[in-house]
Amino acid sequence: LAAPGVPRPMADDLDQLKAEENACTRCPLYETATQAVPGIGPRDADLMVVGEQPGDQEDLAGRPFVGPAGQMFNRIAKEAGIDRAQAFVTNAVKHFKFTPRGKRRIHQNPNAGEIKACRFWLTSEIELIRPRLILSMGGTAAESLTGSRKGILARRGSIEATEDGVPVFLTVHPSYLLRLPDPALREAETDKFRADLRAAQAHL
Ligand code: URA
């Protein structure tokens, strides 16, 4: 166990971690979300994939990347030679942040305080899984993992590191591709995303 007063993750298995994440009150997002959405995947995964936060469908299912962004990721990852089932897939923030609009819940970006508060849980997951490489998708994951808020488009395709020295391969978020209105641009950006995933896989 950690020495008293030393803020270290205490969970030593994923089930315990899930229970602890569901009891979290480190930021206010637990108040409105359905549940925490912990990471999922093999305990001995070489690759950890980190997104932003659960969306509407993930919040209801309790599992990450099951909605449209997840389906996009699954498809491109497969084309790039990544088997999602062998990766540990998680998010920088574990609770869904949204504003209600009629019957819909509209996604809101987590702020710096929420990202920082939730880094505790991401650190716990990294310590449990000890991945060889983290694939960081989008600006929120990059901010959480590297501490830098510099634009992701200028950094994508490069490898940085967590403060504990775990290599972090940076790329864009699949939702970014889904939001691009111009089909030609979307296709070009999807090709780049696939190339990023291939390059990440080659580093394993
Ligand atoms: N977007 C994310 O970043 N994570 C999810 O789990 C779903 C959508």
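Taking a sphere under 12 Å around the Cβ of Ile129 and counting the other residues whose Cβ falls inside, with K and R at +1 and D and E at -1, yields a net charge of -2.
Rounded to whole numbers, the Karplus 3J(HN,Hα) couplings from phi for region 55-63 are x, 3, 5, 5, 4, 7, 7, x, 10 Hz, using 6.51 cos²θ - 1.76 cosθ + 1.60 with θ = phi - 60°, and x at Gly and Pro.
The alpha-carbon of Lys97 sits under 17 angstrom from the alpha-carbons of these lysines, leaving out residues fewer than 8 places away in its chain: Lys116. Think of each Lys and Arg Cβ as +1 and each Asp and Glu Cβ as -1; about the Cα centre, that makes the dipole of the chain roughly 560 debye. Among the trypsin sites (Lys or Arg not before Pro) in region 79-113, those located in a DSSP loop and surrounded by at most 16 other Cβ atoms within 10 Å of their own Cβ are Lys103. Considering the zone a paramagnetic label at Arg179 would reach in this model (a point 7 Å from Cα along the Cα-to-Cβ line), which residues of region 130-151 have amide N under 16 Å from it? Label zone hits: 137-143, 150-151. Helical runs (DSSP H, four residues minimum) scored at -39500 (n - 2.57) apiece and divided by the length of the chain put the mean residue ellipticity at 222 nm at -12000 deg cm²/dmol. Using a cut-off of 24 Å between Cα atoms, the listed pairs Lys78/Lys192; Lys94/Lys192; Lys78/Lys103 include Lys94/Lys192; Lys78/Lys103 as exceeding that distance.
With an a/c value of 1.5 or above and a/b larger than b/c for the gyration tensor axes a ≥ b ≥ c computed over the alpha-carbon atoms, region 116-204 is described as prolate.
Other residues within the sphere of radius under 14 Å centred on the Cβ of Asn111, judged by their own Cβ, net out at +2 (K and R +1, D and E -1).
Binning the C-alpha pair distances of the chain at 10 Å intervals from 0 yields a P(r) profile of 9, 37, 38, 14, 2, 0 %, listed from the shortest bin outward.
For the options Pro68, Pro181, Pro42, a Gaussian network treatment of the chain with springs between C-alpha atoms closer than 10 Å singles out Pro181 as fluctuating the most.
Every number in this text was worked out from the coordinates using simple rules, so none of it is lab data. Just so you know, these numbers come straight off a predicted model, no measurement behind them. All Cβ positions, glycine included, derive from the backbone under ideal geometry; neighbour counts span all protein chains shown.
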